[in-house]
Amino acid sequence: MQVFISSAMLADLQLIALAGAPKEICGILFGRDGRVSGYRVAQNVADDPRRHFEIDPATLIAAEREQREGGEPILGYYHSHPAGTVKPSSTDARCAAPDGRVWLILNGEDAAAWHSVDPGEIYGRFVAMKLDCADAKGQTAAK
């Protein structure tokens, strides 16, 4: 499975990750068929945002409501590991629902995409996905 995202959109997300450091940033990815068409920045409401992320529930509920009303579908989520790798952590795995959504992890330089499934190869929750910016034709850096 692959995730397609425009290089401009990925660059925007990397800048947001860098600006948010040392805290983890987070948000929602929109799209379908593995193609990211947009994203929404969310506030990280975790108790310790330097070590964990939690998407603001109000932002998530609004996105779910918009999707039900015919808006762009939620493809998945993104968050940063400001001082770490772009591999999911054991905390990420404990918090991820096995709903088949995409998890994009970035650190300001690198990025990786993961499929949240059960069972997964990493911590029983994630399977690596190919992240493709070259074939993301027709996409813009829409927010």
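Coordinate-derived values only; no laboratory data. Because the structure is a prediction, the values reported are computed rather than measured. Quick reminder, even Gly has a Cβ in these numbers, built from the backbone with ideal geometry, and neighbours come from all protein chains shown.
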**Message:** Under 5 Å between amide hydrogens, which residues at least 5 positions from ALA46 or on another chain qualify, with H placed 1.01 Å from N in the peptide plane?
**Reply:** GLU54
**Message:** Counting only helical runs of four or more DSSP H residues, what would the 222 nm mean residue ellipticity of the chain come to if each run contributes -39,500 (n - 2.57) and the total is spread over all its residues?
**Reply:** -6500 deg cm²/dmol
**Request:** Find the centroid of the Cα atoms in the stretch 1-37 and in the stretch 69-102, then give the distance between the two in whole Å.
**Result:** 11
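About the Cα centre of the chain, how large is the charge dipole given +1 on each Lys and Arg Cβ and -1 on each Asp and Glu Cβ? Please answer in debye to the nearest 20.
On the way: 15 positive and 19 negative charges, 17 e Å.
Its charge dipole is roughly 80 debye.
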**the chain: relative contact order in percent, alpha carbon pairs under 8 Å with at least 6 residues between** = 30
**Asked** Compactness ratio of the chain: Cα Rg over 2.2 N^0.38 Å, N = residue count?
**Response** 0.95
